[in-house]
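Comments concern the structure below.
Read the figures in this text as sums done on the coordinates, not as results from a lab. All figures in this text were calculated on a predicted structure; none of them were measured in a lab. Cβ: placed from backbone, ideal geometry, glycine included. Neighbour counts: every protein chain shown.
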Amino acid sequence: MDKNGSSYGESSSDDVEAPLLLPAARSGTMAKGDRRRPASAAAAAWVRALLAHKYPAIAAGPAACAAVCAAVDLGDGHGEARNMLGVLAWVFLWWVTGAVPLAVASMAPLFLFPALGISSSDDVARAYMGDVISLVLGSFILALAVDHHRIHRRLALNVLSLFCGDPVRPSLLLLGVTGTTALVSMWIHNTACTVMMMPVATGILQRFPRGDIDDGGGQEVRRFSKAVVLGVVYASAIGGMATLTGTGVNIILVGMWSSYFPEQKPITFSSWMSFGLPMAIILFLALWLTLCLMSNGFCREDGLGCGLVVLWMTRNITDNIPGWGVLFHNKVGDGTVTIMMATLLFIIPSGKREGEKLMDWNKCKKIQWSIILLLGAGFAIADGFKTSGLTDILSNGLRFLKGAPTLVIVPVACVFSGIMTEFTSDDSTTTLVLPLFAELAKSIEVHPALLMVSGAIGAQLSYLLPTGSPSNVVGFSTGYITIKDLVATGLPLKIVAIAALTVLLPTLGSTIFGMDIKS
């Protein structure tokens, strides 16, 4: 799905059937004064057909690649690095324009890297399946199980029942809606969480007649409705920030971190949550306060999910306190656990019908394979930066930034990533900026977490525009909110996020990520 909520590459039946060739004009039926009209009409039809099939956008990718390969000169012996830049231009344009489906664009490195001599077909294919990809795949299967057994709805109703009183208090009800959304989003993808929770939220709003909330009248109800919809949109993004599985951005960060800096302390599920959860709590409180001001107010599958969280958290606790992973010589990863628990879903009986299991493979047709391929493309691009020599060139070109203070590096990296993410997907932004930040960290001799974590957090701050993320599109499509509402609520949250990151990363992050701020 693109950022406008439509599937990449999909078009209406009229678009699919748009003719590329028109039948010859029947001149016998035209008046003499109209003989020029068929030519102009044919030209207009050609243009419409080209636009309908997105051929200009499709051609932009290879054209940009050819232009880079022909015009860019990085010096003798850097032909592969130049080709890598060309591939990056090709893939980026296809991602941004939606010229082809996201999954298809993400598979482009599989043929471009070998064709342009960047890496072998075997090497680039390995990037598309690793422990991180296993973690994502297993998480998607678990999310489908959550949806199938309606765990999210049961959780929503149970939590919301605690916050609804008589008369209804808007601030408490907002806390229930946003808190439930953030909690669910910690364990499933942001977009999936928004799609699940938005009907719950709008269903609650439809039960309020005018003037029911605090007897304040219809205007207050409309303001509260905006606050509820915005709360679901932003709480899903904030909750996803807290865990590795909540958003693809964090998964990409972990994969690139292990690829670029294998000697550094690894980012695990538990270590990221130690940093991401405080960050998410700060943003959640800021969100709730902002929304309160806006609204004028101040089973078995359950046990399996809880077991997975426990295994994630205890696999590797601290350097001094080993987790259960030591029993397997620390050769298991978070993806190992996730796939194992996902496999159990296809083995454990549901207890509802004879022979029925908690999950069946037919439900897995809904897995977001485009996201998995996008992650694979990101890892392939990260490998391509290194094997092509482009990393060395970037390292030499960015040395002039050496010596910048930490309190400048973090917000600048976050703002840079945060601007890009308003116009392209969170995952695409992360895939593009993290390799650059990894090389920048080497160039200016700072701990890579300062730049890479800042870039990953910034990529998740797509709060201002409907095009910022699919979650924004879901909220915008309800009709309760406008672009002005998004900007008015999202801008303060974005500022709070940047400020909180600037404080937390050099302090709490120095312990969690093993940073030496003096470096």
Show me, for the range 169-186, the HN-Hα J-couplings you get by feeding each phi into the Karplus relation (A = 6.51, B = -1.76, C = 1.60, θ = phi - 60°), rounded to Hz, glycine and proline as x. 9, x, 5, 6, 5, 4, 4, x, 5, 5, x, 5, 4, 4, 5, 5, 5, 5
Take the alpha-carbon centre of the range 415-458, take the same for the range 252-283, and report the distance between them in whole Å. 14
Whole-Hz Karplus couplings 3J(HN,Hα) for the range 263-273, θ = phi - 60° and coefficients 6.51, -1.76, 1.60, Gly and Pro as x, run 7, 7, 4, x, 8, 9, 4, 6, 5, 5, 5
Listed peptides 241-250, 484-493 by packing density, highest first (mean Cβ within 10 Å): 241-250, 484-493
Measure of compaction for the range 62-156 (Cα Rg per 2.2 N^0.38 Å): 1.52
Determine the relative contact order of the range 52-122: mean sequence separation of Cα pairs under 8 Å and six or more apart, normalised by residue count, in whole percent. 33
Residues with amide H under 5 Å of Lys357's amide H, sequence separation 5 or more or different chain, H placed in the peptide plane at 1.01 Å from N; which? Ser350
